[in-house]
Amino acid sequence: MSAPDAQLSRVAHLLELNRPEQALDELGRLPAGAATGTAAFRLRAAALTELDRWDDVVAVVRQGLAECGPDAELLGRLGLALRHRLEYAPAERALLDALAIAPQSPWLLCQYADLCCAVGQTDKAERLVARAAALAPDAPPVFSSRFQLAYARGDDRAAERIAREFLGAWPSHPVALALHGVAASRRGRVGTAHRAFGQALAHDPTDADYAEAAWESRVHAHPLLLPLRPLYRLGTFRTWLLAVGVVVVLNLAGLDLLAGLFGLCWLVVCVWSWVAPSVARRLVLGRWRS
Amino acid sequence: MADDLFTPTIAPAAYEVRRPPWRPQSLFFPAVLGGPTAVTVLALVNSGRLGLPRRATLTVLGAGVAGLVARVVVTLSAGAAGTERPGRWIGALAGGLVWLAVSATQKGRYRAYELRGGEPASLWGPGIAAVLVLGFAEAALLLLLAAA
């Protein structure tokens, strides 16, 4: 193996270890010839993707495409970066160009499915995910896209089931842990969400989204919010239905005083649910968060 | 490659920036506190912000009208039967049922908005205004009909 090839292997290994900044440093040390090869552009774009530096991803990919010609992975990265820059139609163009080169790539199919979800085209997204799942049913991007599709459709139960399946297949994958956290958080399982986000962050400390989610879950796990856990668990509609039902039953039974007291307690819980998260945030961070 | 799956379908109109929508789940509070008219009016405004198709908007309108009619009929029937106490909660129940239809039609589109990184607009001002103005208007309508 030549010296530049060994360097590129080291960069790929650093990316596997979630060390994108070190990978970029290593790429900066490549000799001029190797630095402008397709593999170097792919790795540079991957590292910048890890760091969510979308403008830089677009610039690097465009340079790579100009210097090395059409490449499915680079075009896929371009689609991903453009999606994050909210340029959906150009992102679709880039992904379709990539799929014209590699129509059987599960990663590209999932990228396109995620894009369709973001613009509300869930039926098309479902067909794309089905095609990707037929090619690689246990691939992390397939699980992730299935989760995103269920979430976009408002099917939280399906999303939770997919997150469990993902975690079962990939127990230490940061995305699996994070999606498990999202699903748990949606279902009001505060402790589970807190643990899952913490583990995701431990596996990928460079991801700002995991850090934010872990912080947010720490707020929700605060003892001040303990009385609100049944509300989070049952959901707003069911809790209100229950509360209104109890007051109506007490009223019908002629227990006006009890109904009044219950109503007052319910009002206090509602006000607490609006005020307490901000207070908990302040206590966790030590200041009001913007 | 002749594959309709790989045909471009995303037009800028699908994601153009409008006024930020309210979270459909949050509409539950004006629904319970203000009744079916309050939640229907807010939901119709939200439909525009979410860019919902005409059919979904009409579903919201239909659910709102049905909720209002049901509230009037049930409240007047309960009043005629002399059972006044549950009548206070009929508005909340009707509003809650209309909210179910609103949630079913708006949840998916709102989730897509969330996936694009969108943040919800605050419902505090419009929500309180809807509860006070439309909730009282609905109560006045009921009083007028009961007196007639």
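Bear in mind these aren't lab numbers, they're just calculated from the coordinates by the rules spelled out. Quick caveat: nothing in here was measured; it's all calculated off a predicted structure. Don't worry about glycine lacking a Cβ; one is built from the backbone with ideal geometry, like all the others, and counts go over all protein chains shown.
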Test of understanding: in a Gaussian network model of chain B with alpha carbons linked when under 10 Å, which of B:Ala63, B:Ala104, B:Ala130 would top the mean-square fluctuation ranking? B:Ala104
Using amide H atoms built 1.01 Å from N in the peptide plane, name the residues 5+ places from B:Gly118, or on other chains, whose amide H lies under 5 Å from its own. none
Report, in cubic angstrom per residue, the convex hull volume of the C-alpha atoms of the stretch A:131-236. 95
Run a plain Debye calculation on the protein assembly as shown (Cα atoms as equal point scatterers, no solvent) and give log10 I(q)/I(0) at q = 0.10 Å⁻¹, rounded to two decimals, same order as the q list. -0.82
Quick check: Cα centre of the stretch A:159-221 to Cα centre of the stretch A:40-85, how many Å? 27
Which number do you get for Rg(Cα) / (2.2 N^0.38 Å) in the stretch B:20-147? 1.09
Debye calc, one equal point scatterer per Cα of the stretch A:21-73, no solvent, log10 I(q)/I(0) at q = 0.22, 0.29 1/Å comes to -0.77, -1.23
Take peptides A:127-139, A:23-35 and line them up by average Cβ neighbours within 10 Å, highest first, as a rough protection proxy. A:127-139, A:23-35
To the nearest 20 debye, what is the magnitude of the charge dipole of chain A about its Cα centre, counting +1 on the Cβ of each Lys and Arg and -1 on the Cβ of each Asp and Glu? 980
Under a Cβ-only charge scheme (Lys and Arg +1, Asp and Glu -1), can you give me the dipole magnitude of chain B about the Cα centre, in debye to the nearest 20? 120
Quick one: Karplus J couplings for the stretch A:188-194, per residue in order, coefficients 6.51, -1.76, 1.60, θ = phi - 60°, nearest Hz, x for Gly and Pro? x, 8, 4, x, 4, 4, 4
Per principal axis, descending, Cα span of the stretch A:223-290 in whole Å: 48, 21, 19
Calculate the translational D of the stretch A:53-110 in whole µm² s⁻¹ from Stokes-Einstein, where the hydrodynamic radius comes from the Kirkwood formula applied to all Cα pairs, the temperature is 37 °C and the viscosity 0.692 mPa s. 299
Here the relative contact order (percent) of chain A, from C-alpha pairs under 8 Å and at least 6 apart, is 9
Under the √(5λ) rule applied to the eigenvalues of the Cα gyration tensor, what semi-axes describe the equivalent ellipsoid of the stretch B:93-148? Give them in Å, descending. 32, 15, 6
In a Gaussian network model over chain B where Cα atoms closer than 10 Å are linked, find which of B:Val98, B:Val60, B:Val45 has the largest mean-square fluctuation. B:Val45
Using Cα pairs under 8 angstrom and six or more residues apart, how large is the relative contact order of the stretch B:20-147, in percent? 46
Other chains' Cβ within 10 Å of B:111-121 residues: what's the mean? 5
Quantify how strongly other chains surround peptide B:5-16 by giving the mean number of their Cβ atoms within 10 Å of each of its Cβ atoms. 6
Unit charges at the beta carbon, dipole of the protein assembly as shown: most positive-side option, A:Leu82, B:Ser103, A:Ala66: B:Ser103
Nearest-20 debye value, the stretch A:223-290 charge dipole, Cβ charges on Lys, Arg, Asp, Glu: 540
Which of B:Pro53, B:Pro20, B:Pro36 fluctuates most in a GNM of chain B (C-alpha springs under 10 Å)? That residue is B:Pro53
Net charge of neighbours whose Cβ lies under 10 Å from the Cβ of B:Gly35, counting Lys and Arg as +1 and Asp and Glu as -1: 0
